[in-house]
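The values are calculated or read from the model by the stated rules, or taken from the named source; none is laboratory data. Keep in mind it's a predicted model, so treat the numbers as computed, not measured. We place every Cβ from the backbone using ideal geometry, glycine too, and count neighbours over all the protein chains shown. These area figures cover heavy atoms from the full protein model, side chains too; ligands, DNA and RNA do not enter into them. Shrake-Rupley method; radii C 1.70, N 1.55, O 1.52, S 1.80 Å.
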Amino acid sequence: MTHQIDSFEEYKSEYAKSVKDPKKFWAKQAKTFHWRKPWKKTLDWNFKEPKVKWFAGGKLNITENCLDRHLKDRGDQVALLWEANDPKEASKSYTYKELHREVCRFANVLKRNGAKKGDRICLYMPMLPELGIAVLACARIGAIHSVVFAGFSANALADRINDASCNIVLTSDAIRRGKKVIPAKLVVDEALQNCPSVKKVIITNCAGIEVSITEGRDVWLFEELKKVSAKCPAEEMDAEDPLFVLYTSGSTGKPKGVVHTCGGYMVYTEYSFKNVFQYKEGDIYWCTADIGWITGHSYIIYGPLLAGATTMMFEGVPTYPDAGRFWKVVDKHKVNQFYTAPTAIRALMACGLQHVKPYKLNTLKVLGTVGEPINEEAWNWYDEHIGKGKIPIVDTWWQTETGGIMISALGDKGPRKATYAGYPLPGIQPVLLDPKGKLIKENEKEGLLAIRFPWPSMIRTTYGDHKRCKNTYFSAFKNHYFTGDGARRDKDGMYRIIGRVDDVINVSGHRIGTAEVENAINQNPVVVESAVVGYPHAIKGQGIYAFVITAGKIKNEEEVRKSILATVSKEIGKIAKPEQIQFVAGLPKTRSGKIMRRILRKIAEGRHDQLGDVSTLLDPSVVEKILKDFLKK
Ligand code: WT7
C-alpha cells in the first residue's frame, strides 16, 4: 500500500521530496502494487507532443490490485455497500471475495458476447452494484470502458458510442431516480439506430419494466450469468494501455473522450484517496457522485478498492423521500468519510435544518466537496450542521483530465481555510501564469492555473484525436498543462479556485460547453442563431442563459421557449436545459463576426456597469436593445 501522510510536517517533507525527485517518489509508491512485470522506465515525457508515459513496460491488471491482492487479508471484509433509491428496499453488500467473484462472472459474460482486449464498451446504466461490477469486468479483460452518464439523451449517447466505435453496450431496463422510473433501454434503442459498430447489448434488470428485445443483439444479464463460470484470469496490460475513456465538454465542438491509462491512474487514485480522506482500516467511505462522472470512477470504484476500503454506492437522489436522505444513510451505515458536491449542499441547505436535526452524524470523520467552488455560506453550513464544527472539510480541486485530486487538504493533517482548496498533493506542481504565460511568483495574486510537471494519472490523449488533446491543454502555454481555471494564491501559498476562464459553464458541478448548447438550440427550426453564457445561480452554482434569434416575429413566446427546451433535452439531455431564454433581434459581434460572449455574460450576470467598450462592435446598438429587454424581464 502507498504511504499515508500523518502530519502537516510530514506533508511538507513528502512534498519537497516529490518535487526534488518525482521519479524516485512515484517509483516508491508504485512498487507497493502488484505488478506482473516491473516497469522499465519510471517516466518519459514532453508536454510538446504531448507524450507522457509512466511506468512504461510494466505489466499489470488493475483489478488484480483492486480485488485479488486483497483476498488473503480482507476477503471477508465488505468491499462494496449499496443503498437503494427506495429506502424500504434492503441495502446490499459484497465482500472482497464476493465482488471478485461477481467481477469474474461479469467478465466471462462479456467474453461470451465477443468482448476482447482493446474493445470499447459503453456503459449506460443506473447506480446499481452491477455498474461498478461492469466497470471492473471491462478492466479485467482489458476492454476500455466508456461510461456515459445515464441522464444524457439518445443523441448524446450515440455521439459517444460512435466516437469510440463501441461494440457492446451495457444498460438496464430502467433507471430509478426518486419517484421517477426512466426507461433507459428505450434511450439505448433510439441511440443504436445510428450506431453501426454495436453488436451486442447486455441488459441488467433494475425496475422490471418491459423492454423490446432485438433478437441476436440484446441479451439479459441474468440469463447470461447462468452460463458462465466464476473463474476469469485477468488480462495482462501494459501500464500505458488505456483503461478507460470518459467524455467531457470543452469550449468548442463536441465532447471529447479523455483517455486514462492503467498504471499511473492506479498509483495516483489509491495514493490520493488514502491521503485526502485519511481513510483508516475499517472505515466506511461514501462518495455520492454518479459513476458516469470522473469522481465516481476515481473515488467510488478505483481509489477506494485499490486501498482495500469499504466503499458505498447510492442509487437515489438527495431529496428522496425527503431532504434528510443523505443524513439518514450516514447514520444507517455509520459512514466515516462523506464526499459530495457544493450544489447538493446548497440544495439541502435550502430545505431547512429540520431535515438534519433528527440524525446523529456522529460517525463522520472527514467531509469532502468537489466539482465547483464552494461558497462561504455553504461551507459554513456543511461545517456547522454536518460536521458539528468538529471535523475537517476537504475541498478537492481536480478535473476529468487530471484523473485524481490535485489540490486539497489531507483530512485533518494541516491548515484549512474556508473556500480554499489549499495545497497541492505531493507530486503536483501547480503554477499561476499571467495571460501571456509569464510565471507569477508572488503570493496574494490571481492568475491562470497550470501544471508544470507530469503526474501519474494525467490525461494521455483525447480518443482518436491526439491533436485536439495538444490544442486544448498543451498549446495555451509552452511546457504546461493548462487547466482552464483561474485561481488565487494567498499569503501562505494556499490556492483558491475562482472558476473557469473559458467558455465552459459549470452547472451543478457538471461541465457544459457553450458551443455544445448553442449547437443544440440551433437545431430548433425556428432558431436562426444563439449565444449561451453562464450566470450565477443560487443552487446550481451557474445557470445557463441563452440569447436566441428566431426567424421572424414569434406570437407565443412561451411555446417557443418550451420547444427550444425540448430540443436541448433531445440533443444533449435535461442537464443542459437553459434556465433563461431571452429572444433578441441581434447579437453583439465583432467586425469579423465573432460573438462577444463577454458582453452577454456581463448582461446575464447583472453587471451592467462593466460592459466595457462596445464601440468596436459591428453594431453597438444591439447591446442597448438586449440590455433594455433584459431589464424588462
Ligand atoms: C472543473 C472540472 C473533478 C470532478 C468533478 C468535476 C471545477 C472541480 C473544484 C473545486 C472549485 C472545482 C473546475 C474544474 N472544479 N473541483 N474543489 N473548487 N472548482 O470534474 O467535469 O472535469 O470539471 O470543475 O472548474 O476545471 P469536471
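Note the per residue figure in Å³ for the convex hull of the C-alpha positions in the stretch 31-106. Each step should come with its number before you reach the end.
Values: hull volume 12.2 nm³, N = 76.
Taking the convex hull of the Cα positions in the stretch 31-106, it is 161 Å³ per residue.
Between Asp44 and Asp613, the distance separating the two model label sites (each 7 Å from Cα on the Cα→Cβ line) works out to 5.1 nm.
Would you mind getting me the FRET efficiency between Lys51 and Glu605? Use the beta-carbon distance for r and R0 = 51 Å, nearest 0.05.
On the way: r = 40 Å, r/R0 = 0.79.
My answer for the efficiency is 0.80.
Heavy-atom surface analysis with a 1.4 Å probe gives the stretch 508-632 a carbon and sulfur content of 52 percent of its accessible area. Largest first, the three principal axis extents of the alpha carbons in the chain are 73, 63, 55 Å in whole numbers.
DSSP beta bridges in the chain, what fraction antiparallel, as a percent rounded to 5? All intermediate terms of the calculation are to be shown ahead of the outcome.
Values: 61 of 101 bridges.
That works out to approximately 60 percent antiparallel.
Carbon-plus-sulfur accessible fraction, the stretch 178-307 (probe radius 1.4 Å, protein heavy atoms only): 54%. Label point of Tyr320 set 7 angstrom out along Cα-Cβ; within the stretch 147-163, amide nitrogens under 20 Å from it belong to 148-154.
Tell me, in nm to one decimal, what length is gained between Ser621 and Lys254 on full extension, where the rule is 0.36 nm per residue of separation less the Cα-Cα distance? Could you put the intermediate results ahead of the total?
Numbers: separation 367, 0.36 × 367 = 132.12 nm, distance 3.25 nm.
In short, 128.9 nm is gained.
With a 10 Å radius around each residue's Cβ, average the other Cβ atoms per peptide and rank 28-35, 128-135, highest first. It would help to have the intermediate numbers written out before the result.
Numbers: 28-35: 16.6, 128-135: 24.1.
So the peptides 28-35, 128-135, ranked by packing, come out 128-135, 28-35.
With a simple spin-label model that places each label point 7 Å from the Cα along the Cα-to-Cβ direction, the separation between Ile209 and Asn162 comes to 2.6 nm. Placing one equal scatterer on every Cα of the stretch 508-632 and applying the Debye formula, the log10 ratio I(q)/I(0) at q = 0.21, 0.22 Å⁻¹ is -1.30, -1.40.
Taking the centroid of alpha carbons for each part, the stretch 333-368 and the stretch 134-171 are 32 Å apart.
Helical content alone sets the calculated 222 nm signal of the chain at -8000 deg cm²/dmol, taking -39,500 (n - 2.57) per DSSP H segment of four or more residues and averaging over every residue.
Cβ-Cβ distance of Lys445 and Ser592, R₀ of 35 Å, FRET efficiency by 1/(1 + (r/R0)^6): the value works out to about 0.60. Applying a threshold of 18 Å to the alpha-carbon distances of Lys274/Lys365; Lys365/Lys413; Lys31/Lys413 flags Lys31/Lys413 as lying beyond it. Peptides 323-332, 362-371 ranked from most to least packed give 362-371, 323-332, packing being the mean of other C-beta atoms within 10 angstrom over each peptide's residues. The antiparallel fraction among DSSP beta bridges confined to the stretch 508-632 stands at about 75%.
Cysteines of the chain lacking any other cysteine Cβ under 4.7 Å from their own Cβ: Cys66, Cys138, Cys195, Cys206, Cys262, Cys287, Cys351, Cys469. Taking label positions 7 Å along the Cα-Cβ direction at both Gln354 and Leu225, the computed distance is 4.1 nm, reported to one decimal. Sorting 377-383, 492-498 by average packing, meaning the other beta carbons within 10 Å per residue, from highest down gives 377-383, 492-498.
Tell me, what is the per residue accessible area of the chain in Å², probe radius 1.4 Å? If you can, show how the numbers build up before the last one.
Values: 24980 Å² over 633 residues.
Spelled out: the 1.4 Å probe surface of the chain, per residue, equals 39 Å².
In this calculation the C-beta distance from Phe8 to Glu377 is compared with R0 = 30 Å, giving a FRET efficiency of 0.65.
Among the listed pairs Lys53/Lys200; Lys51/Lys200; Lys88/Lys256; Lys185/Lys256; Lys562/Lys628; Lys328/Lys540, those whose Cα-Cα separation exceeds 28 Å are Lys53/Lys200; Lys51/Lys200; Lys88/Lys256.
Using 0.36 nm per residue, how much length does the chain from Glu281 to Asp76 gain when fully extended, once their Cα-Cα distance is taken away?
Values: separation 205, 0.36 × 205 = 73.80 nm, distance 1.35 nm.
Computed gain between Glu281 and Asp76 is 72.4 nm.
Compute, for the chain, the length of the dipole vector about the Cα centre, with Cβ point charges of +1 (Lys, Arg) and -1 (Asp, Glu) only. Units Debye, rounded to 20. Please report the intermediate quantities before stating the final value.
Values: 94 positive and 72 negative charges, 211 e Å.
Dipole of the chain, to the nearest 20 debye: 1020 debye.
Multiplying the residue separation of Leu186 and Asp86 by 0.36 nm and subtracting their alpha-carbon distance yields 33.7 nm.
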